[in-house]
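The values are calculated or read from the model by the stated rules, or taken from the named source; none is laboratory data. Everything numeric here is computed off the predicted structure, so don't read it as measured data. Cβ sites come from the backbone with ideal geometry, for glycine too, and all protein chains shown count toward neighbours.
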Amino acid sequence: MNQQDKIYVAGHGGMVGSAIVRGLRGAGYDNLVLRSREELDLCNQAAVHAFFREERPEYVVLAAAKVGGIVANSTLPAQFIYDNLMIQNNIVHASWNVGVKRLLFLGSTCIYPKLAPQPLKEEYLLTGPLEPTNDAYAVAKIAGITLCRSFNRQYGTRYLAAMPTNLYGPNDNFDLTSSHVLPALIRKFHDARQSAAATVTVWGSGTPLREFLHVDDLADGCLHLINLPDAEYGRLLEDPAAPALINIGSGEELTIRDLALLVKKVVGFEGELVFDAGKPDGTPRKLCDVSRLHSFGWRHRTALEDGLRETYSWFLGALASGAIRG
């Protein structure tokens, strides 16, 4: 991308989209097109197509999505599949209509089968059953990958699907009923410290393994990918094992128990942990194979404990300012 190119970041108000905007601006890209949910309903096909015809962006980063943790995915499956299908269908089709040069579609590593071999290689897509607690969201994202591949094959577009691992950082969702595991743990331990509680209860057995990536690292990885030279970018799109698909992660994992202990340390909670094995664990292990990403010259930079300290500091500031409810 040239710094004067017009770039549309869909979902710029969320954790991922806001990090991508920070990364773009930090790299000197200022010709950004941004619309809030109130300004543009991405589920409205006519509105999306009118927006694209008016603005005619040259590059698109599709970070808009309905996201959530186990509770939200389990209780709102219809919303998760409908909203995500509508958002990505409208944006991908409108991008083709106006001749967008490159589109980066962001999904999640929950697209891979629940019991796929570890670490998760891109070619494991559609080789087995999904994790039931988030299958609606996963199916929507798999449809988005297939959409990018299909437009590339039929129309010669250059759309790439990138699947981040579990993300955390500024602007995360810290609501206990809809958040992912890491921000939920930060909120639980903070509230317990404030109330001088004796224990904190963590869902599940504590044994599942998870990988985490700071959202600013993700943004840096996205900028790296969308700026790949034509030959390398084309090699990604045409890879016979997994065309137009790449994982973005740290390649490092730890148990939920160890994660909880690390968050406990960062927050400064002095009580005990209790694991509720009656609650779902989700996928037993979910580690990205990031060898493909490394082969294109990118690696993450933020150590987990450093990222947690930064994220907790942001959380405290947002709480003090009223941006997050106490």
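Some notes on this structure:
- Between Glu305, Glu272, Glu310, the distinction of being over 23 Å from the mean Cα position of the chain (by Cα) and not small (Gly, Ala, Ser) belongs to Glu272 only.
- Test for Thr199: is it in contact with an Asp or Glu (Cβ under 9 Å, 6 or more places away or on another chain), modelled with pLDDT of 95 or more and of a type in the set (Val, Ile, Thr): yes
- In summary, Gly307 fulfils each of the numbered conditions (1) in a loop (DSSP other than H, G, I, E, B); (2) surrounded by 12 or more Cβ atoms within 10 Å (Cβ to Cβ) with the single exception of condition (1).
- Residue match in segment 49-61 (condition: farther than 26 Å from Asp172 by Cβ, in contact (Cβ under 8 Å) with a residue 12 or more places away in the chain, assigned to a loop (DSSP other than H, G, I, E, B) and out of contact with any strand residue (DSSP E or B) (no Cβ under 8 Å at 6 or more places or on another chain)): yes
- For segment 282-302, a residue qualifies if it is surrounded by fewer than 16 Cβ atoms within 10 Å (Cβ to Cβ) and more than 30 Å from Pro229 (Cβ to Cβ), and exactly one does: Pro284.
- Residue satisfying all of: in segment 141-163; surrounded by 23 or more Cβ atoms within 10 Å (Cβ to Cβ) and of a type outside the set (A, V, I, L, M, F, W, C); farthest from Glu232 (Cα to Cα) among these: Lys141
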